[in-house]
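To start, the structure itself, in structure tokens.
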Amino acid sequence: MADINFLPRRIDKAFSRSAVPESVKAMLVLHGNPEYTSYWDDFVGDSAGTWPADANWGYPATAGTGTEVIALGALEGGALVLTTGANANDSAGQGVGLHWKGDNGVYFAAKAKIDDITNAKFELGLTDSLADDAGAVATKATPTFTATDCAVLVLDTADDANVTFVSNGGTSDGNTDSTYTLANDTYFIVEVVVQNDTATGYINGQLVGSGNIEGGNLLTPWLYVETNTTATRTLTVDWALCISPKG
């Protein structure tokens, strides 16, 4: 008899062993709890209009230089697809809203992939602006920042091929390379945890590093890609999550 797909009656059977980290599963249980400010998006808000203004869910205006295209991909299960223009330093970014504070404790996670890891930059995490066309991190090598407060996992091949956890806004900025090796068009999961003034980053469940942030300032989830050459780069985000206790 052929296998039959079915929805599980038990929450502990709802996820495959490798689909998402245990931390993400725990946060999903809190989604919809009125004592938490929670955001979960599978990016299935399909619309016949122009993204994002006419989408079923509201988003802030897109960020980016050049001719960025940010749209819901025609992919099973939904996805947000961010594509840069084809000029060097063209970018595409999307925030959600400035609704979360480190002083309350914040957890962010996202599953994403980039089509080409050469001559590229991406940022995934939390930042304090919806409109940083050049990204929250201005330069990754000995980091300088556009954002006043941020905590992101960032790749920038203008520096090196490492995915680095970077934070800004406190007394000791985060700046730690991961040992994870990226591959073209291959999904990975990032997590950022902020508790008061301390931010910590993970990739595929592996601790990358930590640093300080100003926990009293408002943050948004942040999805961003940039090309370092005269060809487009595309960041595809399968899902994103952000949750915090209400202050």
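The values are calculated or read from the model by the stated rules, or taken from the named source; none is laboratory data. Not measured: the values here are computed from a predicted model. Here the Cβ is made from the backbone with ideal geometry for all residues, glycine too, and neighbour counts use every protein chain on show. Note: areas computed on protein heavy atoms with side chains; ligands, DNA, RNA excluded. Shrake-Rupley method; radii C 1.70, N 1.55, O 1.52, S 1.80 Å.
ALA109: of a type in the set (Gly, Ala, Ser) and in contact with a helix residue (DSSP H, G or I) (Cβ under 8 Å, 6 or more places away or on another chain), yes or no? Write out each step before concluding.
Values: of a type in the set (Gly, Ala, Ser): yes; in contact with a helix residue (DSSP H, G or I) (Cβ under 8 Å, 6 or more places away or on another chain): yes.
It is true that ALA109 is of a type in the set (Gly, Ala, Ser) and in contact with a helix residue (DSSP H, G or I) (Cβ under 8 Å, 6 or more places away or on another chain).
Looking at (1) among the small types (Gly, Ala, Ser); (2) free of Cβ contacts under 8 Å to residues at least 24 places away in the same chain; (3) open to solvent by 30 Å² or more (accessible area, probe 1.4 Å); (4) in a loop (DSSP other than H, G, I, E, B), find the lone condition where ALA86 falls short.
(2)
Given the criteria assigned to a strand (DSSP E or B), open to solvent by 10 Å² or more (accessible area, probe 1.4 Å) and among the hydrophobic types (A, V, I, L, M, F, W, C), does ALA131 qualify?
So ALA131 does not fit the description; no.
Sort out which residues of segment 211-232 are under 28 Å from TRP40 (Cβ atoms) and of a type in the set (S, T, N, Q), and write them in order of number.
Of everything in segment 211-232, those that are under 28 Å from TRP40 (Cβ atoms) and of a type in the set (S, T, N, Q) turn out to be ASN212, ASN217, THR220.
Which one is least open to solvent (accessible area, probe 1.4 Å), of the residues in segment 137-174 that are of a type in the set (Asp, Glu) and farther than 19 Å from ALA63 by Cβ?
Let us first name the residues in segment 137-174 that are of a type in the set (Asp, Glu), namely 149, 156, 159-160, 173.
Within this subset, residues satisfying the condition of being farther than 19 Å from ALA63 by Cβ are 159-160, 173.
On the way: ASP159: 61, ASP160: 44, ASP173: 73 Å².
Filtering first and then ranking leaves ASP160.
Of the conditions (1) of a type in the set (Asp, Glu); (2) touching an Asp or Glu at 6+ places or on another chain (Cβ under 7 Å); (3) within 20 Å of SER38 (Cβ to Cβ), GLU214 satisfies every one except a single condition; which number is it?
(3)
What tally of residues in segment 122-147 results from selecting those that are under 13 Å from the mean Cα position of the chain (by Cα) and either of a type in the set (Lys, Arg) or within 15 Å of GLY174 (Cβ to Cβ) (or both)?
Summing the residues that are under 13 Å from the mean Cα position of the chain (by Cα) and either of a type in the set (Lys, Arg) or within 15 Å of GLY174 (Cβ to Cβ) (or both) in segment 122-147 gives 6.
Which residue pairs have Cβ atoms under 6 Å apart, sit 6 or more places apart or on different chains, and have a first residue in segment 194-214 that is surrounded by 18 or more Cβ atoms within 10 Å (Cβ to Cβ) and a second that is of a type in the set (Phe, Trp, Tyr) and in a loop (DSSP other than H, G, I, E, B)?
Qualifying pairs under 6 Å: ILE203/TYR180.
Among VAL152, VAL166, VAL81, which is the only one that is in contact with a Gly (Cβ under 6 Å, 6 or more places away or on another chain), modelled with pLDDT under 95 and not in a loop (DSSP other than H, G, I, E, B)? Write out each step before concluding.
Working: VAL152 fails: modelled with pLDDT under 95; VAL166 fails: modelled with pLDDT under 95.
Exactly one residue qualifies, and that residue is VAL81.
Would you point out which residue out of THR142, THR146, THR186 is at positive phi and either of a type in the set (D, E, K, R) or out of contact with any His (no Cβ under 9 Å at 6 or more places or on another chain) (or both)?
THR142
Quick one: is LEU241 within 12 Å of the chain's Cα centre (by Cα), assigned to a strand (DSSP E or B) and modelled with pLDDT under 95? Reasoning before the result, please.
Details: within 12 Å of the chain's Cα centre (by Cα): yes; assigned to a strand (DSSP E or B): yes; modelled with pLDDT under 95: yes.
So LEU241 passes the test.
Of all residues in segment 37-77 being modelled with pLDDT of 90 or more and at positive phi, which is most open to solvent (accessible area, probe 1.4 Å)?
So the residue we want is GLY66.
Only one residue in ASP149, ASP238, ASP197, ASP160 is acidic (Asp, Glu) and under 13 Å from GLY125 (Cα atoms). Which one?
After ruling out the rest, the residue left standing is ASP149.
Name the residue that is surrounded by the most Cβ atoms within 10 Å (Cβ to Cβ), counting only residues in segment 175-190 that are under 16 Å from the mean Cα position of the chain (by Cα) and of a type in the set (Val, Ile, Thr).
VAL190
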